[in-house]
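Down below is the structure, laid out as structure tokens.
The values are calculated or read from the model by the stated rules, or taken from the named source; none is laboratory data. No experiment lies behind these values; they were computed from the predicted model shown. Cβ sites come from the backbone with ideal geometry, for glycine too, and all protein chains shown count toward neighbours. Quick note on the areas: whole protein, heavy atoms, side chains included, nothing else; ligands and nucleic acids left out. Shrake-Rupley method; radii C 1.70, N 1.55, O 1.52, S 1.80 Å.
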Amino acid sequence: MENLVAVANQFTQSGKLIDIQQFGNGNINDTFLVTVDSTGERHFILQRINTQVFRQPELVMQNMRTFTEHVQNRLLKAPLDRRWEVPRVLLTKDGQDCCTDGDGCFWRAISFIEGSQSFDTMQNTEQAREVGYALGMFHNLIGDLPPEKLADTLEGFHITPGYLQYYEEVLAKTSARVSPEVNYCLQFVSDRTPLAHILENAKTQGKLPLRLMHGDPKINNVMFDTATGKAVSVVDLDTVKPGLVHYDIGDCLRSGCNPAGEETADWESVRFDTDLSQGILQGYLSVAKAFLTENDYAYIYDAIRLIAFELGLRFFADHLAGNVYFKVKYAEHNLARALVQFKLTESIESQEIAIRSMIEDMK
Ligand code: GN1
Ligand code: MG
């Protein structure tokens, strides 16, 4: 705690530090909400970056600054007719965008979007539309920033065949306990091995262009104005880097259309809600129609299915590897999370015709 206060004070520009609380449910970094006794902004976000995952955290900071500057310029030139905010990188007292503590940990601070909140599960279809709008606006605002301007901060991220390869390596040397749940997952993955290549093949064949993406636009990374209920920001910019917008569309839908939430213990009840998915896609297309191609539409269903499957695969592989990547609260936590994503994938697959025709009707 002493350490935490010392680190927070590095980033405190004015006023006295009043409070530091753990914040959100991140699976990788450690996040805190800092409250300051100030006449200006009263809160900021303090994060310890997991440098086992983000091996070059300085590139993450560089990307964030490039991104923020670009989007802020765009918004100055062409203001939106509604509230929209971009989290800012905060500097230390000596002008750095990060600092290291006595243990060598990497810390950074980001502005908090005042008067906003996030949700772990979708409340209604109106909110689904807002989540979709937020992702569309995010893609729109970076649409004219050339992908090569941002570094690849997490190599292999969302490259499903790479996760499959890692899974096979882990499987070959695992000593994880065999159970009916583990067997279900093993079978689930083995039945879907051919599916893993679909987006990467489309990318290689030039059907889907490399664009900038958010990388992690799950529902709780969208901030809502507490008064109006409108989406006002997309946060968690660590994985903003070159990729496919399909990874984002898939991730947004797999997290937004699972009313039970990705942390539910009741995995057998998990289903994909197509009304919510219609809401998200309507909101997304209200902005994104302008830049999507015919091929982009053709791969939306595949992306939804693939990213749910991929996250299940990542959780399951981490379970087999002994929980080395995602933070866990108990030994079988990643197995429970994998089961949720696999059930969700199954539900998506069972509604393929309805989902595809919904997308077709929205073009
Ligand atoms: C991780 O740490 P968090 O919650 O922001 C993960 C995402 C997953 C997500 C699942 C860098 O994000 O890819 O979709 O957990 N981030 C990374 O909740 O691997
Ligand atoms: Mg994240």
### Message
Can you work out the Karplus-derived ³J(HN,Hα) for every residue in segment 232-239? Use 6.51 cos²θ - 1.76 cosθ + 1.60 with θ = phi - 60°, whole Hz, and x for glycine or proline.
### Response
10, 6, 10, 10, 6, 9, 4, 10
### Query
In segment 250-319, which trypsin sites (Lys or Arg not before Pro) fall in coil by DSSP and have 12 or fewer other Cβ atoms within 10 Å?
Lys289
### Task
Select from segment 134-241 those GluC sites (Glu not before Pro) which occupy a DSSP coil region and have at most 15 other Cβ atoms within 10 Å, ordered by residue number.
Glu155
### Task
May I ask you to give the solvent-accessible area per residue for the chain, in square angstrom, as obtained with a 1.4 angstrom probe?
44 Å²
#### Entry: Spin-label model distance (nm) - Gln117 vs Ser38, 7 Å beyond Cα toward Cβ
2.4 nm
#### Entry: Ellipticity estimate at 222 nm from DSSP helix runs (n ≥ 4, -39,500 (n - 2.57)) divided over the chain, nearest 500
-14500 deg cm²/dmol
## Note on the structure
In the chain the accessible area split gives carbon plus sulfur, as whole percent at 1.4 Å, a share of 49 percent
### Task
Identify the trypsin sites (Lys or Arg not before Pro) of segment 13-62 meeting these criteria: DSSP loop state and at most 16 other C-beta atoms within 10 Å of the C-beta.
Arg42, Arg55
### Query
How large is ³J(HN,Hα) for each residue in segment 314-331, as worked out from phi by the Karplus curve 6.51 cos²θ - 1.76 cosθ + 1.60 (θ = phi - 60°), to whole Hz, x for Gly and Pro?
5, 5, 5, 4, 5, 4, 5, 7, x, 6, 9, 10, 7, 5, 10, 9, 7, 4
### Query
Using +1 on the beta carbon of Lys and Arg, -1 on that of Asp and Glu, and nothing else charged, what's the dipole of segment 216-363 about the Cα centre, debye to 20?
220 debye
### Query
Plugging the Kirkwood radius over Cα pairs into Stokes-Einstein for segment 238-363, at a temperature of 37 °C and a viscosity of 0.692 mPa s, what D comes out in µm²/s?
216 µm²/s
#### Entry: Among Ala331, Thr100, Phe316 the positive-end extreme of the charge dipole of the chain (Cβ point charges)
Thr100
## Note on the structure
Taking the alpha-carbon centre of each part, the distance from segment 213-230 to segment 251-306 in Å is 15 Å
### Message
Against the 2.2 N^0.38 Å scaling, with N counting residues, where does segment 143-255 land? I'd like the Cα-based Rg ratio to two decimal places.
### Response
1.31
### Message
Nothing charged except the Cβ atoms of Lys and Arg (+1) and of Asp and Glu (-1): what's the magnitude of the dipole of the chain about its Cα centre? Round to the nearest 20 debye.
### Response
500 debye
### Task
State the answer as a single residue: which of Leu306, Phe188, Ser14 lies farthest towards the positive end of the charge dipole of the chain, with beta carbon charges of +1 for Lys and Arg and -1 for Asp and Glu, about the Cα centre.
Ser14
#### Entry: From phi via Karplus (6.51, -1.76, 1.60), per-residue ³J(HN,Hα) for segment 96-113 in Hz, x at Gly/Pro
9, 8, 7, 8, 10, 9, x, 8, x, 6, 9, 10, 8, 10, 9, 5, 9, 7
### Task
Quick one: grab the alpha carbon gyration tensor of segment 106-156, order the square roots of its eigenvalues as a ≥ b ≥ c, and give me rounded if a/c is under 1.5, else prolate or oblate depending on whether a/b is larger than b/c.
oblate
### Query
Which percent of Cα pairs goes in each bin when the distances of segment 30-130 are cut into 5 angstrom slices starting at zero?
2, 9, 16, 20, 18, 17, 11, 4, 1, 0
### Task
Could you size up the charge dipole of segment 1-70 around its Cα centre, putting +1 on the beta carbon of Lys and Arg and -1 on that of Asp and Glu, and report it in debye to the nearest 20?
120 debye
### Projected-area average for segment 72-158 over all orientations - Cα convex hull basis, square nanometres
9.4 nm²
### Whole-number D in µm²/s for segment 194-277 (Stokes-Einstein; Kirkwood sum over Cα pairs; 20 °C, 1.002 mPa s)
146 µm²/s
### Summary
Everything considered on the Cα gyration tensor (a ≥ b ≥ c; rounded for a/c under 1.5, else prolate if a/b is larger than b/c, else oblate), the chain must be described as oblate
### Computed FRET value (nearest 0.05) for Ser357 with Val53, which takes r as the C-beta separation and R₀ as 30 Å
0.20
### Ratio of the Cα radius of gyration of segment 247-287 to 2.2 N^0.38 Å, where N counts its residues
1.23
